[in-house]
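A quick write-up on the structure given underneath.
Bear in mind that the values in this text are calculations on the coordinates, not laboratory data. Owing to the predicted nature of the structure, the values given are computational and were not obtained by experimental measurement. Every residue, glycine as well, gets a Cβ built from its backbone with ideal geometry; the counts of neighbours run over all protein chains shown.
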Amino acid sequence: MLLVVVAACGESPAKPSNELVLGAIYPLSGSQAAGGKEELAGVKAALSLASSSGALKVPVRLDVVDANTPQAAAAAVDHLVRDDHVPAILGTYGSTLSAAASARAEELKTVYWETGAVADPITAQRHYVFRTVATGGSLGRMAVTFTHDVLIPDYRLQAPRVVVIRVNDIYGRSVGSGEQALASSLGISVVDVIEYDPRAYDAPAIAARVAADRPDFVWDVSYLDDGVAIWQALLTQHVAVKAAVGTSSAFCMPEFGRRLGGGAVGVYAADKPDADISAGALSPAGLALLDQARAVYARDNGGASMSIPAVAGFVGGWTLFHDILGGMHAPATSESIRAAALRVDVPVGDSINGGGVRFGAAGSLDEGQNTRAAAVVGQWQAVGVMKIVYPPAYATGSPMELTSPQS
């Protein structure tokens, strides 16, 4: 029997003797609520499928806590560990939330299972923190690699100029640093790095600075509200760039496309995949699992398709519920879950996003980080329509020229 309960902090129901309770911390209110809810829905779909398939040996219940600030996320960890005695906690969608929550879980020697946040330091020098999605640095490098392999040759540029726009927090610096480091090694000139506070910024001033820099390309690391405002300012000021590649928490989101309409068409986004990827990226096992995941997710979410956060949540949840708990004979403790996680070996293509799962070994620099995480570049190619254009194995469309800012 499947038991999934969304409980507010301090309102956990009594635990049956044969039930395993796991924590789950996501932003279900506030500015990141849309993505947090979708990621949690993906986790729940994975739990539903793992339960109905008979993979789980005992019923699993999620004690879900809404946390939309770092302080609330850290406090939620304390509640879940000390009151519910959970051996593992899933979360968190947002990097600033995860940084606080995972640090506290590490202090309490409780497994923290990150399903969506990308900031690099989340898994750095940690032993109880595992992350199934790509790092921010990896997503930044994907943006640079796409620019180097596709955009620069297409425009026949000998000395391309790039401006990096990024938020001044752990997320923005993780992605932006990955971009700068790879650009330097590839001989791509980053002529300016515009760092700003997402809670207090001047979008027209940022756009004016980009215009003065005269870049060929812009790499943007923003959240949704500020990302929309900055891109709108670039459009309003007719700042001409050959291409813009956003990353993760703004440019890839359906709301970005909805708010900007035709103004988003042509913009790229480097991120984790959604459910609409080429079948060529998936193994037969991955294809079969994707079909099941889509069906369960649609059934439980009013027929909705699986967004990027939903897919990330499912991959993280499925790895924990099916590949770890499903094969575990010992009682589920933080130590037994950690040991089992370090043995997980899911081949590339078997996860529903085209990736696989293999965590960095104990004692390694990437301990706890999934070294087979998938990353792609998508492009808004019509109002509300994004196609994956890179890498080729994942592609569902071909790059089209950006024309909006030059109108």
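Structural remarks
- Alpha carbon convex hull of region 219-377, volume per residue in cubic angstrom: 149
- Of the GluC sites (Glu not before Pro) found in region 171-266, none is in coil by DSSP with at most 16 other Cβ atoms within 10 Å of its Cβ.
- Per-pair calculated FRET efficiency, R0 = 56 Å: ARG82 and VAL193 via Cβ, rounded to 0.05: 0.85
- Kirkwood-type radius of region 154-229, with distances r between different C-alpha atoms, in Å: 12.9
- Placing a label point 7 Å from the Cα of ALA212 along the Cα-to-Cβ direction, the residues of region 143-175 whose backbone N falls under 20 Å of that point are 161-168.
- [x] 29, 57, 14, 0; [y] 21, 38, 18, 18, 5, 0; [z] 22, 39, 32, 7, 0, with the label sought being that of the calculated P(r) over Cα pairs in 20 Å bins from 0, in percent: [x]
- Cβ-placed point charges (K, R +1; D, E -1), dipole of the chain about Cα centre in debye, nearest 20: 400
- Helix 136-146 vs. the chain, principal-axis angle (Cα, 0 to 90°, nearest 10): 40
- Since only TYR155, TYR171, LEU260 are under comparison, the one whose Cα sits farthest along the positive direction of the charge dipole of region 154-270, derived from C-beta charges on Lys, Arg, Asp and Glu, is TYR155.
- Distance cut-off 20 Å, percentage of C-alpha pairs in region 61-167 lying past it: 47
- Distance between the C-alpha centres of region 294-352 and region 180-221: 37 Å, rounded to the whole angstrom.
- Cα centroid separation, region 227-265 to region 82-136 (Å): 30
- Stokes-Einstein D (µm²/s) once Rh is taken as the Kirkwood radius of region 17-56 over alpha-carbon pairs, at 10 °C in 1.306 mPa s: 138
- Base-10 log of normalised Debye intensity for region 209-308 (one unit scatterer per alpha-carbon) at q = 0.15 Å⁻¹: -0.71
- In region 331-406, the trypsin sites (Lys or Arg not before Pro) that fall in loop regions by DSSP, at most 15 other Cβ within 10 Å: ARG343
- 30 Å Cα-Cα threshold exceeded, pairs from LYS57/LYS387; LYS109/LYS387; LYS37/LYS242; LYS44/LYS387: LYS57/LYS387; LYS109/LYS387; LYS37/LYS242
- In this Cβ point-charge picture (+1 for Lys and Arg, -1 for Asp and Glu), region 33-139 has a dipole of about 260 debye about its Cα centre.
- Simple spin-label estimate for SER398 and ALA124 in nanometres, 7 Å along Cα-Cβ: 4.2
- Ranked from largest, the principal axis spans of the Cα set of region 286-372 equal 42, 27, 20 Å.
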